[in-house]
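K.L.:
Just passing along the structure, written as structure tokens.
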Amino acid sequence: MSEPPQYQILPLNTSVHHRTDFDCGEPQLDRYFREQASQDIKRKVAGCWVLVSRDSPKSVMGFYTLSTEVVDMKQLGDADPDVAKRLPRYPRLGAVLLGRLAVAKTAQKQGLGELLLFDAMHRTLNAQIPAALMITDPKDGKAAAFYRKYGFRPLNPERLFITAQQLQVILGKRD
Ligand SMILES: CC(C)(COP(=O)(O)OP(=O)(O)OC[C@H]1O[C@@H](n2cnc3c(N)ncnc32)[C@H](O)[C@@H]1OP(=O)(O)O)[C@@H](O)C(=O)NCCC(=O)NCCS
């Protein structure tokens with residue numbers, strides 16, 4: 001997927017990207033980005049990608065993290081029998097967890113959250129090791145509304161999901 005030319009989405013590089021001044025308005029997410037993300041990368045717990053503008057390539061406007069997860073097929077069957085029917089009957093399926101996604105307060109409401117989400121979806125769909133599902137655990141109802149707007153559906157009270165097939169359709173319409 002190609003981002004608008006003024007922006008780049010790159011793996012977090014702690015020797016280039018400034019972390020300490022990132023402020024999305026959610027202290028827990030800010031703290032994670034400032035203090036924990038680089039540790040998670042080093043330990044292969046998660047990957048972290050940042051959005052920067054070409055004019056100011058050290059200043060982070062937003063970020064997201066991805067890691068691996070598994071989803072119990074019984075839970076998926078209970079949540080959405082039609083979707084489960086179209087997937088193989090394995091006890092568990094591999095998933096990519098969109099762990100965190102945030103846009104700096106100064107850059108919100110300009111379409112950058114959407115840009116990051118589509119980039120994360122694209123990366124999930126095109127990962128070298130395939131995943132049948134993408135999932136996320138929105139921290140509140142507002143965050144859930146953001147994801148649901150793009151096709152995520154409830155897997156359980158805390159978790160939303162979207163299938164790789166659905167990602168293909170959504171991204172196909174967009175490219
Ligand atoms: C949620 C967040 C990532 C959205 O980023 P953003 O850059 O402001 O969003 P965009 O400008 O790309 O908006 C995309 C669409 O989502 C909608 N949207 C944005 N924030 C939303 C929210 N909190 N709830 C519901 N919808 C939301 C917008 O209205 C827009 O839809 P529209 O084009 O129909 O108007 C950003 O507000 C943020 O970082 N918040 C703090 C952290 C957070 O809550 N993260 C959520 C995941 S845990």
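K.L.:
How large is the translational diffusion coefficient of the chain in µm² per second when you combine the Kirkwood radius over alpha carbon pairs with Stokes-Einstein at 20 °C and 1.002 mPa s?
P.N.:
128 µm²/s
K.L.:
So if I place +1 on the C-beta of Lys and Arg and -1 on the C-beta of Asp and Glu, and nothing else carries charge, what would the dipole magnitude of the range 27-71 be about its Cα centre? I want it in debye, nearest 20.
P.N.:
Details: 7 positive and 5 negative charges, 37 e Å.
Using Cβ point charges on Lys, Arg, Asp and Glu, the range 27-71 gives about 180 debye.
K.L.:
Along the charge dipole of the range 17-152, which of Q28, I41, L98 sits closest to the positive end, that is, farthest toward it, with unit charges on the beta carbon of Lys, Arg, Asp and Glu (+1, +1, -1, -1)?
P.N.:
After comparing all options, I get I41.
K.L.:
Now a separate question. Would you mind calculating the gained length between A127 and R34 on full extension (0.36 nm times residue separation, minus the Cα-Cα distance), in nm to one decimal?
P.N.:
30.9 nm
K.L.:
Same structure again: Using the alpha-carbon atoms, what tilt in degrees (0 to 90, nearest 10) does helix 164-174 show relative to the longest principal axis of the chain?
P.N.:
Result, in degrees: 50.
K.L.:
Rounded, prolate or oblate, given the Cα gyration tensor of the range 95-175, with a/c below 1.5 counting as rounded?
P.N.:
oblate
K.L.:
Tell me, in nm to one decimal, what length is gained between V169 and D23 on full extension, where the rule is 0.36 nm per residue of separation less the Cα-Cα distance? Can you show the working numbers first?
P.N.:
On the way: separation 146, 0.36 × 146 = 52.56 nm, distance 3.33 nm.
Working it through step by step, the gained length comes to 49.2 nm.
K.L.:
Next up: Just want the ordering: R100, R31, R153, from fewest to most Cβ atoms lying within 10 Å of their own Cβ.
P.N.:
Least to most surrounded, the residues fall as R31, R153, R100.
K.L.:
For every helix of n ≥ 4 consecutive DSSP H residues, a contribution of -39,500 (n - 2.57) applies; sum these over the chain, divide by its total residues, and give [θ] at 222 nm rounded to the nearest 500 deg cm²/dmol.
P.N.:
-8500 deg cm²/dmol
K.L.:
Between E114 and Q75, what is the label-to-label distance in nm when each label sits 7 Å out along the Cα-to-Cβ direction?
P.N.:
3.1 nm
K.L.:
Taking the highest mean first, how do the peptides 142-151, 62-71 order by number of other beta carbon atoms within 10 angstrom per residue? Walk me through the intermediate numbers first.
P.N.:
On the way: 142-151: 14.6, 62-71: 20.5.
Final packing ranking: 62-71, 142-151.
K.L.:
Of the beta bridges DSSP finds with both residues in the chain, what % are antiparallel, to the nearest 5? Walk me through the intermediate numbers first.
P.N.:
Numbers: 29 of 34 bridges.
Counting DSSP beta bridges with both partners in the chain, the antiparallel share is about 85 percent.
K.L.:
Would you please put 111-119, 159-167 in order of how densely packed they are, using the mean number of other Cβ atoms within 10 angstrom per residue and starting with the highest?
P.N.:
Sorting 111-119, 159-167 by mean packing, highest first, produces 159-167, 111-119.
K.L.:
Which whole-number percentage describes the relative contact order of the range 7-174, with Cα contacts under 8 Å and a sequence gap of 6 or more?
P.N.:
Contact order relative to length: 19 percent.
K.L.:
Can you compute the charge dipole magnitude of the chain about its Cα centre, using +1 on each Lys and Arg Cβ and -1 on each Asp and Glu Cβ, nothing else charged? Give it in debye, rounded to the nearest 20. Intermediate results must be reported in sequence, preceding the final value.
P.N.:
Working: 25 positive and 19 negative charges, 48 e Å.
For this selection, approximately 220 debye.
K.L.:
Fewest to most neighbouring Cβ within 10 Å: what's the order for H18, H122?
P.N.:
Values: H18 14, H122 18.
In order of increasing Cβ crowding within 10 Å: H18, H122.
K.L.:
Based on the Cα coordinates of the range 2-91, what is the per residue volume of their convex hull in Å³?
P.N.:
On the way: hull volume 14.0 nm³, N = 90.
With only Cα atoms used, the range 2-91 gives 155 Å³ per residue.
K.L.:
Additional query: For the pairs K58/K105; K105/K142; K149/K173; K109/K139; K85/K142, note any where the Cα-Cα span goes beyond 25 Å. If you can, show how the numbers build up before the last one.
P.N.:
Working: K58/K105 17 Å; K105/K142 15 Å; K149/K173 15 Å; K109/K139 19 Å; K85/K142 30 Å.
Going by Cα-Cα distance, K85/K142 fall outside the 25 Å limit.
K.L.:
Still on this structure, please answer the following. Quick one: R34, R89, fewest Cβ neighbours within 10 Å first, how do they rank?
P.N.:
Going from sparsest to densest Cβ surroundings: R89, R34.
K.L.:
Mind pulling the angle between the C-alpha long axis of helix 112-125 and the longest principal axis of the chain? Nearest 10 degrees, somewhere in 0 to 90.
P.N.:
Helix 112-125 and the main axis of the chain meet at about 50 degrees.
Each reported figure results from applying straightforward, stated rules to the coordinates on display, with no laboratory input. As the structure is a computational prediction, the values presented were derived from the model and not from experiment. A quick note on method: Cβ atoms are made from the backbone with ideal geometry, for glycine too, and the neighbour counts reach across all protein chains shown.
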